[in-house]
Amino acid sequence: MANNSYYDPKDLRKFGNITEWSEELGTKFFDYYGKVFEEGALTAREKSLIALAVSHVVKCPYCIDAYTKDGLKHGLTKEEMMESVHVGAAIESGATLVHGVQMMNKYDKLSM
Amino acid sequence: MLAKSLKTQNKELANAKKQLEILSNGIFSNKELPTFARKIMETGQFPLRPKKLEVLQINLGYMCNQVCAHCHVDAGPDRKEIMSQETMKQCLEVIKKTNASTLDFTGGAPEMNPNFKWFVDEASKAGIKDFIVRSNLTIIRANKKYYDLPEFYKSHNVHIMSSMPHWTRGKTDKQRGDGVFDKSIKALQELNKVGYGMPDSDLKLDLVYNPSGAFLPGDQDSMERNFKKSLLEDFGIHFHKLFTITNLPVSRFLDYLIASDNYEDYMYSLVDAYNPLAVENVMCTNTISVSWDGWLYDCDFNQMLKLKVASKITHISEYNEELINNRNIIISQHCYGCTAGAGSSCQGTVA
């Protein structure tokens with residue numbers, strides 16, 4: 001069926017298909033991806049929260065859908081989820097604002 | 001929150017045939033997803049056959065003091081179907097000669113059956129030592145006549161398995177109704193008081209976790225750690241194990257999936273998470289489910305879908321274990337719920 005939108009939620013189901021056009025790289029990526037999210041020094045729950053924050057920072061609708069669901073699966077509360085989004089937003093806005101120092105430096109250098 | 005059962009509301013999905021139609025049409029009839037039969041054929045596991053019978057799971061009725069949003073039984077205070085003493089007597093005849101060692105009571109709220117205690121007493125006399133009661137916890141606090149249940153359970157060393165969807169009030173009440181969390185906490189404290197769930201106690205108290213929405217349960221061990229830590233720190237509650245159970249697309253949960261436009265995604269999640277190892281130990285391979293009116297089923301879900309065992313013997317009154325165990329288990333697409341990830345059964349994960 002024709003779909004005129006760049007993002008279709010149903011495409012997330014087909015993510016695994018990227019392997020069909022480049023089997024070696026696709027397989028390596030999914031092996032790596034799976035390994036990253038296993039319990040390790042961080043719990044799967046902690047990793048899920050980090051992934052949710054990053055999903056928002058990289059503004060990936062597929063990732064937001066996937067990691068909201070994953071967070072529910074790990075028993076995350078809505079408060080924990082929203083705070084993680086704020087952590088991402090704070091780093092992102094901090095990254096913008098810290099460049100203000102560069103602006104101030106340049107301003108001072110150019111000014112008599 | 002639902003106030004009434006789908007049956008009382010005359011909803012389309014109160015009808016088992018309609019549910020089975022939905023589970024066979026759409027993404028399964030257009031071959032977007034493989035049917036469960038096709039999937040288990042790939043791994044040479046079709047037809048699914050019973051192994052040694054270990055558990056008789058008896059549904060004492062669909063009456064319940066709660067109306068949970070995900071309930072596959074469509075139970076509630078408005079459901080009047082409960083097991084009669086006559087059917088219980090037929091069950092007792094079977095209990096005397098069965099090879100099954102565990103008697104697993106479910107509902108509804110099994111305790112609401114007026115002959116519940118009598119039945120447990122008689123089954124105990126008939127030699128059953130391993131009892132499980134699937135208790136919703138709040139029943140213990142629902143009415144004075146139930147206040148002595150913890151002591152009654154203790155006298156028969158009944159293993160209690162109780163539902164608890166989350167360690168926070170908000171998520172629990174959303175699934176199970178306002179006030180359920182506080183009442184459940186109180187009931188757990190009462191059970192701890194008589195010794196249930198305490199470390200090293202023989203009085204077994206396990207919790208059952210169902211996701212409160214269209215997602216699969218997380219890892220059983222890590223969920224257990226989170227539940228234990230929170231319930232102990234916040235309320236001083238002890239319990240033994242936590243079992244994660246996947247919600248199957250049956251009855252109210254199916255109704256919810258469709259109404260919230262989550263059905264297809266949920267079925268994709270189940271099929272993607274298919275695990276052939278879980279198929280080996282699905283509960284229908286060691287359990288017979290008996291309905292309130294004495295009919296026999298492969299599991300409680302098939303009971304709700306009115307799919308009786310594929311055997312000459314279909315009623316408890318004509319029970320013959322050898323004949324019944326020589327059958328093929330009836331499957332449909334809801335079975336994917338028991339084979340996703342680490343699997344799911346009334347005893348939690350299976351793989």
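Between the C-alpha center of region A:44-88 and that of region B:98-168 there is a gap of 40 Å. Gaussian network model of chain A, Cα springs within a sub-10 Å range: biggest mean-square fluctuation belongs to which of A:99, A:86, A:56? In the Gaussian network model the winner is A:99. A simple rule links phi to the HN-Hα coupling: the Karplus curve 6.51 cos²θ - 1.76 cosθ + 1.60 with θ = phi - 60°, which for region B:195-202 gives x, 5, x, 6, x, 6, 7, 7 Hz, with x for Gly and Pro.
Compute the Kirkwood hydrodynamic radius of chain B, taking the inverse of the mean of 1/r over all pairs of distinct Cα atoms, and give it in Å to one decimal. Could the numbers behind the result be given before it?
Details: mean 1/r = 0.0489 Å⁻¹.
20.4 Å is the Kirkwood radius here.
Rank-order B:339-349, B:318-328 by packing density, defined as the average count of other C-beta atoms within 10 Å over each peptide's residues, highest first. Write out the running numbers ahead of the final one.
On the way: B:339-349: 22.2, B:318-328: 14.8.
Final packing ranking: B:339-349, B:318-328.
Take each residue in A:73-83, count the other chain C-beta atoms within 10 Å of its C-beta, and the mean is 4.
For region B:222-239, 3J(HN,Hα) computed residue by residue from phi via the Karplus equation (6.51, -1.76, 1.60; θ = phi - 60°) reads 6, 5, 4, 4, 5, 4, 5, 4, 5, 5, 6, 5, 7, 10, x, 8, 10, 8 Hz, glycine and proline entered as x. Run the quick spin-label model on residue A:44 and residue B:38: label points 7 Å from Cα toward the beta carbon, then report their separation in nm to one decimal. Placing both labels 7 Å beyond Cα along the Cβ direction yields 2.8 nm. Computed with the Debye formula from one identical point scatterer per Cα of the protein assembly as shown, without solvent, the log10 of I(q)/I(0) at q = 0.07, 0.09, 0.11 Å⁻¹ comes to -0.40, -0.64, -0.93.
Using helices alone, what [θ] at 222 nm do you get for chain B, with -39,500 (n - 2.57) per DSSP H run of 4 or more residues, divided over all residues and rounded to the nearest 500? Walk me through the numbers before you get to the answer.
Numbers: 14 runs with 122 residues, N = 351.
Counting only the DSSP helices, I get -9500 deg cm²/dmol.
Give me the extension gain from residue B:85 to residue B:186: residue separation times 0.36 nm, minus the current Cα-Cα distance, reported in nm with one decimal.
Working: separation 101, 0.36 × 101 = 36.36 nm, distance 3.14 nm.
Using 0.36 nm per residue and subtracting the Cα-Cα distance, I get 33.2 nm.
Pairwise alpha-carbon distances in region B:123-261 exceed 25 Å for 29% of all pairs.
The trypsin sites (Lys or Arg not before Pro) of region B:129-219 that DSSP puts in a loop, and whose beta carbon has at most 12 other beta carbons within 10 Å, are B:129. Ordering of B:17-29, B:287-299 by packing is B:287-299, B:17-29, highest average first (other Cβ atoms within 10 Å, averaged per residue). Of all aspartates and glutamates in the structure, those lying under 14 Å Cα to Cα from residue B:18, and not within fewer than 8 positions of it along the same chain, are B:255.
Within chain A, the proportion of Cα pairs with more than 24 Å between them is 46 percent. Which residue, B:70, B:315, B:334, tops the fluctuation ranking in a GNM of chain B built on C-alpha contacts under 10 Å? In the Gaussian network model the winner is B:315.
Run through region A:1-90 and list the GluC sites (Glu not before Pro) located in a DSSP loop whose Cβ has at most 11 other Cβ atoms within 10 Å. Walk me through the intermediate numbers first.
Values: sites: A:20, A:23, A:24, A:38, A:39, A:46, A:79, A:80, A:83; in loops: A:38, A:39.
Taking region A:1-90 and a limit of 11 other Cβ atoms within 10 Å, the loop GluC sites (Glu not before Pro) found are A:38.
Once both labels are positioned 7 Å from their Cα atoms along Cα-to-Cβ, the gap between residue B:148 and residue B:272 label points is 5.3 nm. Among B:43, B:244, B:168, the largest mean-square fluctuation in a Gaussian network model of chain B (Cα springs under 10 Å) belongs to B:43. Averaged over the residues of peptide B:301-314, the number of Cβ atoms from other protein chains lying within 10 Å of each residue's Cβ is 0.
Using C-alpha pairs below 8 Å separated by at least 6 residues, the relative contact order for chain B is 22 percent. Loop-located trypsin sites (Lys or Arg not before Pro) in region B:39-77 (DSSP state other than H, G, I, E, B) with a sparse environment of at most 11 neighbouring Cβ atoms within 10 Å: B:51, B:52. In chain B, a dipole from Cβ-located charges (positive for Lys and Arg, negative for Asp and Glu) runs towards its positive end, and of B:216, B:194, B:336 it is B:194 whose Cα lies farthest in that direction.
Which value results when the Cα radius of gyration for region B:186-267 is divided by 2.2 N^0.38 Å?
Numbers: Rg = 15.8 Å, N = 82, 2.2 N^0.38 = 11.7 Å.
Against the compact-globule rule of thumb, the ratio is 1.35.
The charge dipole of region B:158-271, taken about the Cα centre with unit charges on the Cβ atoms of Lys, Arg (+1) and Asp, Glu (-1), comes to about 320 debye, rounded to the nearest 20.
Only the coordinates and a few stated rules stand behind these numbers; no lab work does. If you're wondering where the values come from, they're calculated on a predicted model, not measured in any experiment. Note that each Cβ is placed from the backbone with ideal geometry, even for glycine, and that neighbours are counted across all protein chains shown.
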